[in-house]
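Asker: This is the structure, below, for whatever I ask next.
The values are calculated or read from the model by the stated rules, or taken from the named source; none is laboratory data. Model, not experiment: these values are computed from the prediction. Every residue, glycine among them, receives a Cβ derived from its backbone with ideal geometry; neighbour counts consider all protein chains shown.
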Amino acid sequence: MPLIALGINHRTAPVELRERVVFAPERMQEALRELTGLPGIQEAAILSTCNRTELYVGSEEDPGDAVIHWLSRFHHLDEGSLRPYLYTLRDADTVRHMLRVAAGLDSMILGEPQILGQMKCAYQCATEAGCVDTQLSRLFQHTFAVAKQVRTDTAIGASPVSVAFAAVSLARQIFGDLEQQTALLIGAGETIELAARHLHEHGLGRMIVANRTVEHAHNLASLFNGYGIGLEEIPAHLAEADIVISSTASSTPILTLPTVKQALKARKHRPIFMVDIAVPRDIEPRIGELDDIFLYTVDNLQEVIQENLKSRQAAARQAEEMIDIQVNHFIAWQRSRDAVPTIRQLREQAEAQRDEVLQKARQQLASGRDPMQVVEYLAHTLTNKLIHQPSIHLRQAGSDGRTDLLEAARELLNLPESK
């Protein structure tokens, strides 16, 4: 059964397009059911993050353009404008890609660990929707095991490199000492927690955490001597912030142009450094055009990130070698499944022959025949039945000069070399 991976990521598409192809969590199961409802699609999973949206599909036959048609329709996109940014992988290339993604080798930040958790969430969601069958389930489990092995056996995650780390590094380049600065962190997820931790470790003066759920904001802020607010309170506090880092799952911008203009006026146009890590974006792009705003997106952080990757390059090469081996292991398992129906038929045929001979042997015992003669009859007759058809075909192969078939039979039956 063909395995297909189709998607876009930070290498192939700008953030303006990636944010339009994100699958909202509340619509994920709907999307999975629609996707597996396409003709020939037997199983599917969807990975959707700020840096990539990928569809993993197992189908009876290659679905061709059907998945692309569906993806365009679901997101109300012109198919012609989407196609140039898409990549499609098949079979072994799909397996290799998923292993590389889970190990962090295809991430904007080489070796970043968050993607593995996101892949696990994608698998769980697809499983809960009833959209995963044997092949994809085995592939995901294999992917998780390989990613764990890569992290255990290499130094791919040894250096503190992440989007959050890059954002804080850039803030330090701009402000130098952070002891006099106030940071407003919008969101309370893993990326924002990492940013908070890095800011705290570099001596940040004050921290404000804003989140839709105020309790979550308070819980995170309390870890770093900060204080939490609701999203609706941001306009009242934005003027205090020298640094703004935002990463939420909001489908609409959190910071709008009028709100930021008002804050700049209150700050008497002292500049604000902003980093928008979210996809879709939390900060209106027009805000970056203001004179006193330094706005960066995840794409803008690429140069900063590259400076922190040198220590991971050797580990990445080692990880790639491990993945090559593991791709072969999965493909070998996949091919072995092709033999299952033949093995089942062979066993069923042998068991039927056994039962037939056994029934006759029992009848002979019941009629009083000597048990040793019955055992000899059973062994002799069963042996003849099991080798009768193979013997006929082997003789015919010899008559036809089919040495290839004779050699295959010798290997299959583990026969010694003839003398």
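Asker: Go through (1) part of a helix (DSSP H, G or I); (2) under 22 Å from Val168 (Cβ atoms); (3) in contact (Cβ under 8 Å) with a residue 24 or more places away in the chain and name the single condition Glu303 misses.
Answerer: (3)
Asker: OK, next. Which pairs do you get when a residue that is at positive phi, found in the stretch 21-44, comes within reach of a residue that is small (Gly, Ala, Ser) and surrounded by 15 or more Cβ atoms within 10 Å (Cβ to Cβ), reach meaning Cβ atoms under 9 angstrom, with the pair 6+ apart or on two chains?
Answerer: Gly40/Ser59; Gly40/Ala66
Asker: What is the residue count in the stretch 271-293 for residues that are assigned to a strand (DSSP E or B) and under 20 Å from Ser162 (Cβ atoms)?
Answerer: Number satisfying all stated conditions: 5.
Asker: Among the numbered criteria (1) surrounded by 24 or more Cβ atoms within 10 Å (Cβ to Cβ); (2) not in a helix (DSSP H, G or I), which one does Ala164 miss?
Answerer: Failed condition: (2).
Asker: Out of the residues in the stretch 126-142 that are at negative phi and in a loop (DSSP other than H, G, I, E, B), state the one that is surrounded by the fewest Cβ atoms within 10 Å (Cβ to Cβ). Write out each step before concluding.
Answerer: Within the stretch 126-142, the subset at negative phi is 126-129, 131-142.
Adding the requirement that they be in a loop (DSSP other than H, G, I, E, B) leaves 129, 131-133.
Working: Ala129: 19, Cys131: 24, Val132: 25, Asp133: 14.
This residue is Asp133.
Asker: Name the residue, out of Gly226, Gly189, that is farther than 20 Å from Leu295 by Cα and at pLDDT below 90.
Answerer: Within the list Gly226, Gly189, the selection yields Gly189.
Asker: Examine the stretch 344-360 for a residue that is in contact with a strand residue (DSSP E or B) (Cβ under 9 Å, 6 or more places away or on another chain) and part of a helix (DSSP H, G or I), and state whether such a residue exists.
Answerer: no
Asker: Could you look through the stretch 48-84, keep only residues that are of a type in the set (Ser, Thr, Tyr) and out of contact with any Pro (no Cβ under 8 Å at 6 or more places or on another chain), and pick out the one that is surrounded by the most Cβ atoms within 10 Å (Cβ to Cβ)? Lay out the reasoning, then the answer.
Answerer: Initial filter on the stretch 48-84 (of a type in the set (Ser, Thr, Tyr)): 48-49, 53, 56, 59, 72, 81.
Those still in the list that are out of contact with any Pro (no Cβ under 8 Å at 6 or more places or on another chain) too: 48-49, 53, 56, 72, 81.
On the way: Ser48: 22, Thr49: 21, Thr53: 25, Tyr56: 28, Ser72: 19, Ser81: 11.
In this case the residue turns out to be Tyr56.
Asker: Sticking with this structure for a sec: Could you count how many residues in the stretch 230-267 are free of Cβ contacts under 8 Å to residues at least 40 places away in the same chain and of a type in the set (Ser, Thr, Tyr)? Step through it out loud before you land on a result.
Answerer: Taking the stretch 230-267 first, the residues free of Cβ contacts under 8 Å to residues at least 40 places away in the same chain are 230, 232-233, 235-236, 239, 250, 252-253, 256-267.
Now restrict to residues that are of a type in the set (Ser, Thr, Tyr): 250, 252, 256, 259.
The total comes to 4.
Asker: A follow-up question, please. Which of the residues spanning the stretch 61-76 are in contact (Cβ under 8 Å) with a residue 12 or more places away in the chain and over 18 Å from Arg33 (Cβ atoms)?
Answerer: Answer for the stretch 61-76, where residues must be in contact (Cβ under 8 Å) with a residue 12 or more places away in the chain and over 18 Å from Arg33 (Cβ atoms): Glu61, Asp62, Ile68.
Asker: What's the total number of residues in the stretch 15-71 that are among the acidic types (Asp, Glu) and under 19 Å from Met108 (Cβ atoms)?
Answerer: Total meeting the criteria: 3.
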